[in-house]
Ligand SMILES: Nc1ncnc2c1ncn2[C@@H]1O[C@H](COP(=O)(O)OP(=O)(O)OP(=O)(O)O)[C@@H](O)[C@H]1O
C-alpha cells in the first residue's frame with residue numbers, strides 16, 4: 001500500500017492511501033497541480049510530507065531505488081540515447097508488450113527522432129512497465145493516442161492492476177476516469193484533493 005500523508009509542494013497539501021491492486025483516476029483543471037503531485041510522490045522534486053510503501057519510508061532507500069518501485073511516467077517521456085532499444089535493459093523481453101501496444105517488432109533500431117508523439121508515449125509506457133513497479137504514476141498516458149491504442153493501454157494497465165500494481169492515473173477524459181478508476185480524485189485549485197466515486 002502507498003501511504004501519502006501531508007505531502008506539500010508549492011500550493012499542494014495532499015493525504016491519501018492507494019491500496020495494492022487499486023487504480024485511482026486523478027482529475028482537475030489544467031495547471032491545478034496534478035503533475036506536481038505525481039512528481040512529488042516519485043520524489044523527483046523537493047517536497048515535504050510522509051510517503052511510505054508498505055510501511056517503508058521513501059527516505060529509507062536511495063531515490064533511484066524508490067523510483068523503480070514507485071515509477072512516474074511523464075506525459076512526454078524523456079530519451080537519452082539514439083535508438084529505441086538502447087533504452088531497454090532487455091529489449092527482447094519487452095517485445096510482447098511492444099506488440100500489444102500496436103508497435104512493430106522491428107522498431108528496436110528506430111531512431112528516437114523519427115518516433116511520433118504517440119509512439120514515444122507508448123514506448124515510454126513499455127519502459128515503465130518493464131520495471132514491474134509496485135506503483136505506477138501515469139501522467140495522461142493516452143492523451144496523444146487514437147482510440148484503439150488508448151484501449152490497448154487501458155487493457156495492459158488493467159492487467160497489472162489485477163496483478164496487484166497500484167496506479168494513480170491523471171486524465172482529462174471523464175469517461176476514461178470512470179472506466180479505469182475504482183475511485184476518482186479531483187484536485188481543487190487550493191491544492192487539496194476530494195474523492196468522487198465513479
Ligand atoms: N518548479 C515550479 N515552480 C513554480 N511553479 C511551478 C513549478 N512547476 C510547476 N509549477 C506550476 O504549478 C502549476 C501546476 O502545474 P502542473 O503541471 O502540476 O499542472 P497539471 O494539473 O498537471 O496541468 P495539465 O492538466 O495542464 O497537465 C502550474 O501553474 C505550473 O506553472
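Would you list the strands (runs of 3 or more DSSP E) that sit entirely within region 1-116 and hold 3 or more residues that are surrounded by fewer than 13 Cβ atoms within 10 Å (Cβ to Cβ)?
Working: elements: 2-9, 12-18, 23-27, 48-53, 70-73.
In region 1-116, no matching strands (runs of 3 or more DSSP E) lie anywhere.
Kindly indicate which of 148, 152, 177 is at negative phi, in a helix (DSSP H, G or I) and either touching a residue at least 60 places away in the same chain (Cβ under 8 Å) or within 16 Å of the ligand (Cβ to nearest atom) (or both). Lay out the reasoning, then the answer.
Numbers: 148 fails: either touching a residue at least 60 places away in the same chain (Cβ under 8 Å) or within 16 Å of the ligand (Cβ to nearest atom) (or both); 152 fails: either touching a residue at least 60 places away in the same chain (Cβ under 8 Å) or within 16 Å of the ligand (Cβ to nearest atom) (or both).
So the residue among 148, 152, 177 that is at negative phi, in a helix (DSSP H, G or I) and either touching a residue at least 60 places away in the same chain (Cβ under 8 Å) or within 16 Å of the ligand (Cβ to nearest atom) (or both) is 177.
Scan (1) more than 20 Å from the chain's Cα centre (by Cα); (2) away from the ligand (no atom under 16 Å from the Cβ) for the single condition residue 48 breaks and write down its number.
Of (1) more than 20 Å from the chain's Cα centre (by Cα); (2) away from the ligand (no atom under 16 Å from the Cβ), only one is false for residue 48: (2).
Can we say residue 141 is surrounded by fewer than 18 Cβ atoms within 10 Å (Cβ to Cβ) and either assigned to a loop (DSSP other than H, G, I, E, B) or in contact with a strand residue (DSSP E or B) (Cβ under 7 Å, 6 or more places away or on another chain) (or both)? Walk me through it before giving the result.
Working: surrounded by fewer than 18 Cβ atoms within 10 Å (Cβ to Cβ): no; either assigned to a loop (DSSP other than H, G, I, E, B) or in contact with a strand residue (DSSP E or B) (Cβ under 7 Å, 6 or more places away or on another chain) (or both): yes.
No, not satisfied.
For region 40-75, how many residues are touching a strand residue (DSSP E or B) at 6+ places or on another chain (Cβ under 9 Å) and touching a residue at least 40 places away in the same chain (Cβ under 8 Å)?
Here the count works out to 18.
What's the number of the condition residue 72 fails, among (1) within 18 Å of residue 169 (Cα to Cα); (2) more than 13 Å from the ligand (Cβ to nearest atom); (3) touching a helix residue (DSSP H, G or I) at 6+ places or on another chain (Cβ under 7 Å)?
(2)
In region 22-32, what residues are out of contact with any strand residue (DSSP E or B) (no Cβ under 7 Å at 6 or more places or on another chain) and either more than 7 Å from the ligand (Cβ to nearest atom) or in contact (Cβ under 8 Å) with a residue 24 or more places away in the chain (or both)?
Matches in region 22-32: 29, 30.
Scan 4, 14 and give me the residue that is within 13 Å of the ligand (Cβ to nearest atom), modelled with pLDDT of 95 or more and within 24 Å of residue 164 (Cβ to Cβ).
14
Of everything in region 122-135, what is assigned to a helix (DSSP H, G or I) and out of contact with any strand residue (DSSP E or B) (no Cβ under 9 Å at 6 or more places or on another chain)? Give them in sequence order.
Step one: list which residues in region 122-135 are assigned to a helix (DSSP H, G or I), which gives 122-130.
Once the filter is applied, which keeps residues that are assigned to a helix (DSSP H, G or I) and out of contact with any strand residue (DSSP E or B) (no Cβ under 9 Å at 6 or more places or on another chain), region 122-135 yields 122, 123, 126, 130.
Conditions: (1) more than 9 Å from the ligand (Cβ to nearest atom); (2) closer than 28 Å to residue 176 by Cα. Residue 35 meets all but one. Number of the miss?
Result: residue 35 passes all but (1).
Does residue 162 fit the bill of being closer than 24 Å to residue 68 by Cα, buried (at least 17 other Cβ atoms within 10 Å of the Cβ) and either more than 16 Å from the ligand (Cβ to nearest atom) or at pLDDT 95 or above (or both)? Give the steps one after another, and end with the answer.
On the way: closer than 24 Å to residue 68 by Cα: yes; buried (at least 17 other Cβ atoms within 10 Å of the Cβ): no; either more than 16 Å from the ligand (Cβ to nearest atom) or at pLDDT 95 or above (or both): yes.
Spelling it out, it is not the case that residue 162 is closer than 24 Å to residue 68 by Cα, buried (at least 17 other Cβ atoms within 10 Å of the Cβ) and either more than 16 Å from the ligand (Cβ to nearest atom) or at pLDDT 95 or above (or both).
For region 177-197, state whether one or more residues are farther than 23 Å from residue 10 by Cβ and modelled with pLDDT under 95.
Within region 177-197, one or more residues are farther than 23 Å from residue 10 by Cβ and modelled with pLDDT under 95.
Of the numbered conditions (1) away from the ligand (no atom under 16 Å from the Cβ); (2) closer than 21 Å to residue 150 by Cβ, residue 108 satisfies every one except a single condition; which is it?
(2)
The values are calculated or read from the model by the stated rules, or taken from the named source; none is laboratory data. Because the structure is a prediction, the values reported are computed rather than measured. As a convention, Cβ positions derive from the backbone with ideal geometry for all residues, glycine included, and neighbour counts pool all protein chains shown.
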